[in-house]
Amino acid sequence: MTLRSGTIKRIHVNQHHLRANRKDGGNRPVLTIQTSKGPVYADHIDIKGESSLVFQPEKPLSCGARIWVETRAQVNYTRRKHAA
């Protein structure tokens with residue numbers, strides 16, 4: 001799947017899904033792409049252009065992430081089917 005270039009996308013590891021997977025053996029996607037339309041969850045992400053790694057412990061994202069990749073480039077992502 002593809003997210004078009006132009007809008008800001010912030011990509012980070014979803015710690016809640018990571019911990020839940022570890023606790024119950026789940027298979028939730030642990031990568032989150034924050035967009036203006038809401039979050040997109042993925043297992044693999046390919047950024048087709050420039051990006052920056054941002055660390056802002058004093059001003060985290062609304063989800064709590066303190067480190068993320070930020071880009072306006074096209075982002076291709078995949079998400080395998082997960083058991084509910």
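The values are calculated or read from the model by the stated rules, or taken from the named source; none is laboratory data. What you are looking at is a predicted structure, and each value in this text was computed from that prediction instead of being measured. Glycine also receives a Cβ, built like all others from the backbone with ideal geometry; neighbour counts cover every protein chain displayed.
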(message) Condition first: exposed (fewer than 13 other Cβ atoms within 10 Å of the Cβ), within 11 Å of the chain's Cα centre (by Cα) and not charged (D, E, K, R). Can you find one or more residues in the stretch 61-84 that meet it?
(response) no
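Just to check your reading of the model, which residue among Arg80, Arg19, Arg66 is in contact with a Phe, Trp or Tyr (Cβ under 7 Å, 6 or more places away or on another chain) and of a type in the set (Lys, Arg)? Write out each step before concluding.
Values: Arg80 fails: in contact with a Phe, Trp or Tyr (Cβ under 7 Å, 6 or more places away or on another chain); Arg19 fails: in contact with a Phe, Trp or Tyr (Cβ under 7 Å, 6 or more places away or on another chain).
Testing whether each residue is in contact with a Phe, Trp or Tyr (Cβ under 7 Å, 6 or more places away or on another chain) and of a type in the set (Lys, Arg) leaves just Arg66.
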Within the stretch 26-45, residues within 16 Å of Arg80 (Cβ to Cβ) and over 11 Å from the mean Cα position of the chain (by Cα) come out as Gly26, Asn27, Arg28
Exception for Cys63 within (1) touching a Pro at 6+ places or on another chain (Cβ under 9 Å); (2) under 24 Å from Arg80 (Cα atoms); (3) modelled with pLDDT of 95 or more falls at (3)
Among residues of the stretch 1-37 being among the small types (Gly, Ala, Ser) and under 17 Å from Thr71 (Cβ atoms), the residue surrounded by the most Cβ atoms within 10 Å (Cβ to Cβ) is Ser5
